[in-house]
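Below is one structure, written out as structure tokens, with a few remarks after it.
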Amino acid sequence: MAGKTRNVRTGVRTLAVSAVAVVIAVALSGCMVERELTRDAMNRKLRALNRSVVPVIESPGAMCYDTSAPMPVAFVCDECGQSTEVDGWLFESIQTIKASVAEMNDEGFDVTLDLREFCPRCSKDVLDASAGLASGDPQVVFGIRFAGDDAYHYARSNNPSDYTIVGAFLKGDRTWTDAYGGVSALKKEYQVIEKMTGLSMD
Ligand SMILES: [Zn+2]
């Protein structure tokens, strides 16, 4: 009985010491080392996500779709100022995508957003510049470059969810929230993360 008590006490003391060590480590890393944003570090993060247990989703959001007919909206090219009409849904999507990418930028990631495919004037340049990426309907071109990378990884997508998923992953979240408030496990979307970022689970 006496031995057991001593062990418990030792355990408590050890816990207290390691807690202090953790605080010191956090304090040191906070002031001495920047967050690791390299491709290797992010690949490790993706593998860790894959190994993680799917979190319990407390309140899956209700699905409520806006059924109003999309009206064409004027889209003004950031590069040359040329105005063109795009589908209302697409315009909404582009606004959501812009917000997601701005958040990634705020998180310290080197990301780009290229909307030139939508511009009748600039799209001609893009077809040459994006090295075979462009085909079919105009799409948003997303670029990301991790610390130490020479080149950007580019991916084309008009789907706002793709950007929300990447943003959640970059922030270190385990879940992501769709446009209708539905919360889902992020690990199921690893293929989207791979496609959009060029990171790999392997
Ligand atoms: Zn343009």
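Select from segment 169-202 the residues that are assigned to a helix (DSSP H, G or I) and surrounded by fewer than 20 Cβ atoms within 10 Å (Cβ to Cβ) and write down the one among them that is farthest from the chain's Cα centre (by Cα).
Here the residue is LYS188.
Note down all Cβ pairs under 7 Å where the first residue falls in segment 77-91 and is farther than 10 Å from CYS122 by Cβ and within 7 Å of the ligand (Cβ to nearest atom), the second is among the hydrophobic types (A, V, I, L, M, F, W, C) and assigned to a strand (DSSP E or B), and they're at least six residues apart or on different chains.
Nothing qualifies.
Kindly establish whether VAL73 is in contact with a helix residue (DSSP H, G or I) (Cβ under 7 Å, 6 or more places away or on another chain), modelled with pLDDT under 90 and of a type outside the set (D, E, K, R).
No.
Looking at (1) surrounded by fewer than 19 Cβ atoms within 10 Å (Cβ to Cβ); (2) free of Cβ contacts under 8 Å to residues at least 24 places away in the same chain, which is the only condition THR112 fails?
Checking THR112 against (1) surrounded by fewer than 19 Cβ atoms within 10 Å (Cβ to Cβ); (2) free of Cβ contacts under 8 Å to residues at least 24 places away in the same chain, the one that fails is (2).
Look at segment 138-154 and say how many of its residues are surrounded by fewer than 20 Cβ atoms within 10 Å (Cβ to Cβ) and not in a loop (DSSP other than H, G, I, E, B).
Of the residues in that region, 5 qualify.
Mind checking which residues of segment 106-143 are at pLDDT 90 or above, among the acidic types (Asp, Glu) and within 14 Å of the ligand (Cβ to nearest atom)?
Once the filter is applied, which keeps residues that are at pLDDT 90 or above, among the acidic types (Asp, Glu) and within 14 Å of the ligand (Cβ to nearest atom), segment 106-143 yields only ASP114.
The values are calculated or read from the model by the stated rules, or taken from the named source; none is laboratory data. Everything numeric in this text was worked out from a predicted model, so none of it was measured. Please note: Cβ atoms are built from the backbone with ideal geometry, for glycine as well, and neighbour counts cover all protein chains shown.
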